[in-house]
Structure formats: structure tokens, C-alpha cells
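*Asks:* Okay, here's the structure, questions in a sec.
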Amino acid sequence: MPSSVIRNWDYDAAAHRLDITFVSGKRYSYHEVPPRIAQGMRQATSKGGYFNRRVRDHFAFTQH
């Protein structure tokens, strides 16, 4: 399902990095994200809601 907040996202399993691009155009990489969190993101009906509950404020990140 498309998100009104997240344009796209990708998970690098080898690096445990979750890359998110928001509809605003801002891009972030979240580090040390476990595979179970990426799997939850994949299955979530609301990507933005899942991101807010499980990713934001839980993992270190870099902004690009």
C-alpha cells in the first residue's frame, strides 16, 4: 500500500541498514536495524505508522 509519508524504502540485510526516502525528498539511513524490523515494515499496512512506532527514535541515523 502506498504511504502518504514515505516515498520509498530499502533494506540492506548485509549492512543492517534501512534507507528511507520521504515524500518531502529527505533521505535517511537508519543503522543496526534488525531483519525483524525490516520484515515488519514490509508487512505493515501503514508504512508511516510502522516507521513512527518501530524505527523513528529507536535507531541511529544519518541524513543524506
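*Asks:* How much length, in nm to one decimal, is gained on full extension between T21 and Q39, taken as 0.36 nm per residue of separation minus their Cα-Cα distance? Can you show the working numbers first?
*Replies:* Working: separation 18, 0.36 × 18 = 6.48 nm, distance 1.76 nm.
The span from T21 to Q39 would gain 4.7 nm if fully extended.
*Asks:* Pick out which of G25, G49, G40 has the largest mean-square fluctuation in a Gaussian network model of the chain, springs linking Cα atoms closer than 10 Å.
*Replies:* So, out of G25, G49, G40, the one fluctuating most is G25.
*Asks:* Treat every Asp and Glu Cβ in the chain as -1 and every Lys and Arg Cβ as +1, leave all other atoms uncharged, and give the resulting dipole magnitude about the Cα centre to the nearest 20 debye. Walk me through the numbers on the way to the answer.
*Replies:* Details: 10 positive and 5 negative charges, 41 e Å.
Roughly 200 debye, rounded to the nearest 20.
*Asks:* Turning to a different aspect of this structure: For the chain, what is the largest minus smallest coordinate of the Cα atoms on each principal axis, given in angstrom and ordered from greatest to least?
*Replies:* Principal axes ranked by extent give 27, 25, 19 Å for the Cα atoms.
Read-outs: derived from the displayed coordinates by stated rules, not from any lab. The shown structure was predicted, so the numbers you read here are calculated from the model rather than taken from an experiment. Note that we place each Cβ from the backbone using ideal geometry, even for glycine, and neighbour counts take in every protein chain shown.
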